[in-house]
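Have a look at the structure below, then the notes.
FYI, it's all coordinate maths here, none of it is from the lab. All values derive from a computational prediction rather than experimental measurement. Cβ: placed from backbone, ideal geometry, glycine included. Neighbour counts: every protein chain shown.
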Amino acid sequence: GDNDRIFKDVEVVNVLAVKRGTKYPNRYILMSGDIDSRVSDANNATSDSPGANDNASGMAGTLEAARVLSKYNFENSVIFVGLSGEEQGLYGGEGLAAHAKEKGWEIIGILNNDMIGNIEGVDGIISNTDFRIFSEPVPPTETEDERKARRFYGGEVDGISRQLARYVHKTTQNYMPEMNPMMIYRLDRFGRGGHHRPFNDAGFAGIRIMEAHENYTQQHQDIRTEDGIEYGDKLEHVNFEYASKLTAVNAINLASIAWAPPAPKEVNIGGIVEAAAKLQWSKVDGAKGYRIYWRDTTSPTWDHSRYVENVTEFTLDGIVIDNFFFGVSTVGANGFESVVVFPNGILR
């Protein structure tokens, strides 16, 4: 093909471990790391390339989350995966996403961990509590009808990956208040790529979880010392306490989602020229109830909510729909909650 990072025929192999769900075995939440690394020349396959942070940190976190969570049973299936070919063009993720589509997997989302071990940034900041959650605004698979509806009714920052990012943000604040999750309203860093993107390209929710302060002298570099600066992605630069914290962020979110019931597939909203917001959604079998969320249109997070019993419609009196965005999640009998669904239909 036209990829100059692959100069001979190769077989791209991913490594997966599946914790099969007891109730929804065909619904999957994924955590991923990468099992490749590189130096300055992407085609240099002979020089020492430890890749301690990029991305042994993410792969080690995935293995540790698998070790801990394997002791529990979940309603949904959990996949822990080491993806290959990331540095050559995200081939491992592309292959797994295509396989999931072919087999009809219902992917709840993927938490891609790519560099979760560095706390000292080139920006001069040292922090072992900040981390970033990258997410795209809306899926690239959006139809023309969906695009037109979004133009008139809103939702430019409310795609499925953005809702997954908000879920991780909220869960982290609830269970690990010492951490500072930073939602970044971008697919990834400028000019960079990660293994959540092939899943996004296939229409699945996917986010990137990573350190907040990168050090570029330790990424994609030959091991050397130059002008007094030490280059190379070596083990000594990894902060294990911080990496364990971000691993815990993943574990609590994987468990929360895996224990939660499915989200409503359809959520409709109405209340045009009324002092009330009307919401209607599809019934989810086994749900104890639902939670209605709303927020100011300029707010990044769901700031207001109301729990309702096992019904499929509800009216929020005194709330004008023009001034807020809305969403609905499913709540299970165990108290765990699905990812929020932004309205995908209009009540006339």
- Would you work out which of ALA42, ALA97, LEU279 lies farthest towards the positive end of the dipole of the chain, given +1 charges on the beta-carbon of Lys and Arg and -1 on that of Asp and Glu, about the Cα centre? LEU279
- Which angle from 0 to 90°, rounded to the nearest 10, does the C-alpha axis of helix 144-153 make with the longest principal axis of the chain? 60 degrees
- Query: Which percent, to the nearest 5, of DSSP beta bridges fully inside the chain are antiparallel?
  - Reply: 60 percent
- Message: Once the convex hull of the alpha carbons of segment 267-346 is built, what does its volume come to per residue, in cubic angstrom?
- Response: 83 Å³
- Query: Going by alpha carbons, how many degrees (0 to 90, nearest 10) lie between the helix axis of 91-103 and the longest principal axis of the chain?
  - Reply: 40 degrees
- Message: Calculate log10 I(q)/I(0) of segment 152-301 for q = 0.13, 0.19 Å⁻¹, where I(q) comes from the Debye formula with a single equal point scatterer on each Cα and nothing for solvent.
- Response: -0.81, -1.42
- Note on the structure: Stokes-Einstein, Kirkwood over Cα pairs, segment 1-120, 4 °C, 1.567 mPa s; D in µm²/s equals 84 µm²/s
- Using only helices, what value at 222 nm comes out for the chain when you add -39,500 (n - 2.57) per DSSP H run of length 4 or more and divide by the total residues, to the nearest 500 deg cm²/dmol? -7000 deg cm²/dmol
- Send over the per residue convex hull volume for segment 105-237, Cα only, as a whole number of Å³. 147 Å³
- Note on the structure: Restricted to segment 1-95, the DSSP antiparallel beta bridge percent, nearest 5, is 40 percent
- Place the peptides 103-116, 221-234, 64-77 in order of packing, highest mean first, counting for every residue the other Cβ atoms within 10 Å and averaging per peptide. 103-116, 64-77, 221-234
- Take the alpha-carbon positions of the chain, form their convex hull, and give its projected area averaged over all directions (one quarter of the hull surface) in nm². 18.9 nm²
- Query: Roughly how tilted is helix 160-175, in degrees to the nearest 10 and between 0 and 90, from the longest Cα axis of the chain?
  - Reply: 80 degrees
- Query: Which entries of LYS170/LYS245; LYS103/LYS278; LYS71/LYS245 show an alpha-carbon separation above 26 angstrom in the structure shown?
  - Reply: LYS103/LYS278
- Message: With 10 angstrom as the radius, rank GLU11, GLU146 by how many other C-beta atoms surround their C-beta, starting from the fewest.
- Response: GLU11, GLU146
- Task: Would you kindly compute the Cα radius of gyration of segment 194-241 and its largest Cα-Cα separation (Dmax), both in Å?
- Result: 15.3, 46
- Query: Among bridges DSSP assigns within segment 109-224, what percent are antiparallel (round to 5)?
  - Reply: 35 percent
- Relative to the Cα centre, what is the charge dipole magnitude of segment 197-348, using +1 at the beta carbon of each Lys and Arg, -1 at the beta carbon of each Asp and Glu, and rounding to the nearest 20 debye? 780 debye
